[in-house]
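Trainee: Take a look at this one; I'll ask things after.
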Amino acid sequence: MSTWAGIELGGYTIDEWQNTYHKWLFRDSERFREVKQDSQFIGYRMEAEKLKRRLELQGVNRQSVELDFNELKALWVKDLKSILQSLGDSDNESLSDFLLYLDGLQKCSIDSWLKLIPIAHHTCQLTNESETCLITDQHKIHQSLTETERNLLKFMCSNYDEYPNYTAGGYHFPCQSIDSYAWAILQFIEPNSVCELNLSDLISSGWVDDFEDLAEYQEGQTKFYARAKAEIREIISLSESGGANPVLQRLAYSGLITILEAYLSDVAKRQVLNKEAIRRRFVERYEPFGNGQKTLRINELFSKMEQLDKLITDYIDSQSFHSVKTINTFYSSVLLVNLSSHLLKRLSDAVDTRHDIIHRAGKTKDGEPIEITLKATLDLSELVFEVMASVDEQIVDGLLDDQ
């Protein structure tokens, strides 16, 4: 099923796409996400004044727009004259319309379009209202216009076939760039108007991804943390249902450490792969990217770059993120996430206990059985929550860096 997305400036459509979109002049810092029970907006927003400055910096001004405008307008005048010549003196009902269109095109300047676009826009909106309202409003509008302007307005609201000289502007505004059309709209809309690109329908239809980092920032937690918390609650529920069952408590205890390890690994992988500064810091500090590598020849550069994501993923997957040493070293040096020594000491003791449960059949080095009670499992779950909360808060704080 096809879905559309478009850029609107002060209520005027600047451009639109089917099943996809282009960022145009928007920046990542202008992403906006507002999801309510009965409505949502996920996309980009910026003020009209900011857009005006960006267009100016790109050389889009009255002089450049008029050049674009006059070039396309001349082609349409030529096309209409050709059509009229082919119709000759026939009684074709389109003949009178084309004569009016040609009159409006030839005699009106760019300022006429700037004056009439809001009127054309209003006229098109009125077509959905009652016929009486349309006639009354149209009569008032026409009284304020010259005959030539009325002819141009008819052309702007017509179904004139622009082939093969298509315009990038609405209401037949002659231009071949949406930048030119945006400049035109900026000349008459309110200064506090907003330019926005709404991607909500594309996201809902599955054509593009949601702004995951923005959603997580608004939620105050990563999706990995949300998932881990749900898994921990399931283990707690299972543990509580088992009561004094020692085997079940040992399984629950070790499972909590596994959830923490998966969370830390997932966060590390996403941060390294998706944030350029972190990615570079990781590659500069860790094997297999360091001194053990042979000298890299320039003609191998692109090949190595293509393999880099896989090398990073393989290396992170090989790490034991239940190891306190690994957690402390990797997170502090690569992700710049720090955990308190108190938390790390408590986690280290729990990891040692988990090691004995998994690798020594639930016994210590001295062969003494390890007793895991429901209280011990619940205490560990609180510790895991505390560790993840500390990490997640620092991760979320850096999610919205504009890259």
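The values are calculated or read from the model by the stated rules, or taken from the named source; none is laboratory data. From a predicted model like this one, the values you see are computed outputs, not experimental measurements. Cβ: placed from backbone, ideal geometry, glycine included. Neighbour counts: every protein chain shown. Heavy atoms of the whole protein, side chains included, go into the accessibility calculation; ligands, DNA and RNA do not. Shrake-Rupley method; radii C 1.70, N 1.55, O 1.52, S 1.80 Å.
Trainee: Normalised by the number of residues in the stretch 322-379, what is the relative contact order in percent for Cα pairs under 8 Å and 6+ residues apart?
Mentor: It comes to 23 percent, rounded to a whole number.
Trainee: Taking every pair of alpha-carbon atoms in the chain, what share in percent sits in each 10 Å bin, from 0 to the bin with the longest distance?
Mentor: Values per bin, smallest distances first: 4, 16, 18, 17, 13, 11, 9, 7, 4, 1, 0, 0.
Trainee: Additional query: I need to check one value: relative contact order of the chain, counting alpha carbon pairs closer than 8 Å and at least 6 residues apart, in percent.
Mentor: Rounded, it is 20 percent for the chain.
Trainee: Taking 0.36 nm per residue of sequence separation and subtracting the Cα-Cα distance, how much length would be gained by fully extending the chain between Asp349 and Glu47, in nm to one decimal?
Mentor: That works out to 103.3 nm of additional length.
Trainee: Moving on. Counting only other residues whose beta carbon sits under 15 Å from that of Gly59, what net charge do I get with K and R as +1, D and E as -1? Before the final figure, lay out the partial values.
Mentor: Details: positive: Lys52, Arg53, Arg54, Arg62; negative: Glu56, Glu66, Asp68, Asp179.
Net charge in that neighbourhood comes out at 0.
Trainee: Using modelled backbone amide H atoms (1.01 Å from N, in-plane), which distant-in-sequence or interchain residues come within less than 5 Å of Asn19's amide H?
Mentor: Amide H neighbours of Asn19: Thr3, Trp4, Ala5.
Trainee: Hey, how much of the P(r) for the stretch 346-391 falls beyond 18 Å, as a percent of Cα pairs?
Mentor: Everything past 18 Å amounts to 32 percent.
Trainee: Further, regarding this structure: Roughly how many whole Å is it from the C-alpha centroid of the stretch 326-353 to that of the stretch 1-36?
Mentor: The two parts, judged by their Cα centres, are 43 Å apart.
Trainee: Between Ser82, Leu251, Ala184, whose Cα lies farthest towards the positive end of the dipole of the chain when Lys and Arg beta carbons carry +1 and Asp and Glu beta carbons carry -1, centred on the Cα centre?
Mentor: Leu251
Trainee: Right, next: On a straight-distance basis, which lysines could pair with Lys345 in a cross-link, Cα separation under 16 angstrom, same-chain partners fewer than 8 positions away excluded?
Mentor: The qualifying lysines are Lys325.
Trainee: Before I look further, what does the chain give for accessible area per residue, probe 1.4 Å, in whole square angstrom?
Mentor: Values: 22460 Å² over 403 residues.
I get 56 Å² per residue for this part.
Trainee: Span-like helices, the chain: DSSP H, alpha-carbon axial extent 30 Å or more, mean Kyte-Doolittle 0.0 or greater, which ones?
Mentor: The qualifying helices are 246-274, 374-397.
Trainee: Then there is this: Just how large is the dipole of the stretch 164-299 about the Cα centre, in debye to the nearest 20, putting +1 at every Lys and Arg Cβ and -1 at every Asp and Glu Cβ?
Mentor: 900 debye
Trainee: Once the convex hull of the alpha carbons of the stretch 10-105 is built, what does its volume come to per residue, in cubic angstrom?
Mentor: On the way: hull volume 18.2 nm³, N = 96.
So the per-residue hull volume is 189 Å³.
Trainee: Pick out, from Gln18, Leu145, Thr326, the residue whose Cα sits farthest towards the positive end of the charge dipole of the chain, with +1 on the Cβ of Lys and Arg and -1 on the Cβ of Asp and Glu.
Mentor: Looking along the dipole axis, the top candidate is Thr326.
Trainee: Residue by residue through the stretch 8-22, what is 3J(HN,Hα) from phi via Karplus (6.51 cos²θ - 1.76 cosθ + 1.60, θ = phi - 60°)? Round to whole Hz and write x for glycine and proline.
Mentor: 10, 10, x, x, 9, 6, 8, 6, 8, 9, 9, 6, 7, 7, 10
Trainee: Note down the nm distance, to one decimal, between modelled labels 7 Å out along Cα→Cβ at Tyr163 and at Thr258.
Mentor: Modelled inter-label distance: 6.4 nm.
Trainee: How much of the accessible area of the chain, in percent, comes from carbon and sulfur atoms when a 1.4 Å probe is used?
Mentor: About 48 percent, which is the carbon plus sulfur part of the accessible surface.
Trainee: In square nanometres, what is one fourth of the surface area of the convex hull spanned by the alpha carbons of the stretch 321-399?
Mentor: Mean shadow area of the hull around the Cα atoms is 5.8 nm².
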